[in-house]
Amino acid sequence: PTEGSPLTPVATVSRYACQRRTTLENHNKKFTDAFEVLAESYEFNNMERPCLAFRRATSVLKSLPCAVRCLGATQDLPCLGQHTKKVIEEVLQCGRSFEVEELLSDERYQTFKLFTSVFGVGPKTAEKWFCRGLRSFSDILTDHSIHLNRMQQSGFLHHGDISRAVSAAEARSLRSVIDGAVHCVTPAATVALTGGFHRGKEFGHDVDFIVTTPELGEEESLLPNVIDELKKQGILLYCNYQASTFDMRKLPNHHFEAMDNFAKCFLILRLESSQVEGGLHCAEGDIRGWRAVRVDLVSPPVDRYAFALLGWTGSRQFERDLRRFAQVERGMILDNHALYDKKKKEFLAASTEKDIFAHLGLEYMEPWQRNA
Ligand code: DCP
Ligand code: MG
């Protein structure tokens, strides 16, 4: 059939984010911003299903090459249910969603949003504090019956800085800082930028790196040594190091929310204004001459590098769907450590991300196309 004839199949949008090339250009921001508020609110209320439904719908709209201009245009799209369509219709008709407006002015939503903006505070802690009647930071900090763990103490201490976005220029500067520290302790080690900045984002909430050594097993002492080096340089403001609990005999875990078992550290580093091209993104920091930034380092053994890189490059929705695709469509289990074929009962090795896409029978996607 020729192009445009009724027999030409319309390009269908896949149900899986790992089959939708999604760049940072979002033509449907007015809908996805609304969905994100709803998803977040469900997350705060521990309602996983509707939360995921809105995250999936967000991801589908982000992948579209143009804006949705009428409800009819969503007819053949996957992952859009009644509730999401109602929101789309409202936004189309009124330019806003009343349900979202209501949430944005809701005390519970606002308080959870505020509390979870603190490093180390998740929805569970926010809930506990909210139920005790606490509503502001000063409520928390003056209530002596509340015990803050070390992470939360640092979270409050550096809240002003780390609640401000990190710029790509700041991420580049941190890359040289991490490069320097890693190569100082292990010259042969490699450093790779991952997470949102690897997908081409201009701003992020932290900067993620994967570090490893060419010699299997040598990565075990890498992070402790890097941490010592950062301490020596006087730029380590906070460090939570978790040693590896990785067991290569274990089957992968398809539950995405479970953290991987590689050695990793969650850091707050001091970034000097003079080291950043064009200065810091944080105005107060620029006056002070430095700012605090969240940095994550992960160090997988080199034979798991490709899995770790694929897992940490994200986006979260891309990762969720990659695992779901592996499980449902291929009978395989994928996580940040390994890929396991359940029919053949064997692990599938990979030295690059391309190998993993190939094992899954998926077309390769560049990191900048994974902004699902
Ligand atoms: N990740 C993971 N398992 C987790 C948490 C995260 O595999 N438990 C992966 C998916 C994320 C990536 O790591 O995309 C980086 O996590 P971030 O929270 O730093 O997310 P991004 O870097 O994508 O965005 P941001 O700009 O908020 O940092
Ligand atoms: Mg990140």
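The values are calculated or read from the model by the stated rules, or taken from the named source; none is laboratory data. All figures in this text were calculated on a predicted structure; none of them were measured in a lab. Don't worry about glycine lacking a Cβ; one is built from the backbone with ideal geometry, like all the others, and counts go over all protein chains shown.
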Checklist entry - When you go through LEU236, LEU193 one by one, which is the residue that is within 29 Å of ASN26 (Cα to Cα) and either among the aliphatic types (A, V, I, L, M) or within 15 Å of ligand 2 (Cβ to nearest atom) (or both)? => result LEU193
Checklist outcome for this item: Residues in region 241-282 that are within 15 Å of ligand 1 (Cβ to nearest atom), of a type in the set (D, E, K, R) and in contact (Cβ under 8 Å) with a residue 24 or more places away in the chain total 2
Next on the checklist: So if I check each of LEU267, LEU222, which one is away from ligand 2 (no atom under 16 Å from the Cβ), aliphatic (A, V, I, L, M), modelled with pLDDT of 95 or more and closer than 20 Å to ALA308 by Cα?
Outcome noted: LEU222
Next on the checklist: Residue pairs, Cβ under 6 Å, 6 or more apart or interchain, first in region 357-372 and modelled with pLDDT of 95 or more, second in a loop (DSSP other than H, G, I, E, B) and of a type in the set (A, V, I, L, M). List them.
Outcome noted: HIS359/LEU348; ASN371/LEU24
Next on the checklist: Just checking, does region 174-189 include any residue being buried (at least 18 other Cβ atoms within 10 Å of the Cβ), within 16 Å of ligand 1 (Cβ to nearest atom) and not acidic (Asp, Glu)?
Outcome noted: yes
Checklist entry - Looking at region 329-341, is at least one residue free of Cβ contacts under 8 Å to residues at least 40 places away in the same chain and either within 16 Å of ligand 2 (Cβ to nearest atom) or within 30 Å of GLY217 (Cβ to Cβ) (or both)? => result yes
Item to check | Tally, over region 270-300, of residues that are within 16 Å of ligand 2 (Cβ to nearest atom) and closer than 22 Å to ILE333 by Cα | outcome: 1
Next on the checklist: Could you tell me how many of the residues in region 203-225 are closer than 16 Å to LEU267 by Cα, more than 11 Å from ligand 1 (Cβ to nearest atom) and either assigned to a strand (DSSP E or B) or in contact with a Lys or Arg (Cβ under 6 Å, 6 or more places away or on another chain) (or both)?
Outcome noted: 1
Checklist entry - Conditions: (1) within 14 Å of ligand 1 (Cβ to nearest atom); (2) not assigned by TED's automatic domain parsing to the domain that holds GLY195. VAL298 meets all but one. Number of the miss? => result (2)
Item to check | So GLY200, is it within 13 Å of ligand 1 (Cβ to nearest atom), touching a residue at least 60 places away in the same chain (Cβ under 8 Å), of a type in the set (Gly, Ala, Ser) and part of a loop (DSSP other than H, G, I, E, B) | outcome: yes
Item to check | Matching helices (runs of 4 or more DSSP H) fully within region 299-372 where at least 2 residues are within 28 Å of ARG49 (Cα to Cα) and touching a helix residue (DSSP H, G or I) at 6+ places or on another chain (Cβ under 6 Å) | outcome: 305-313, 316-330
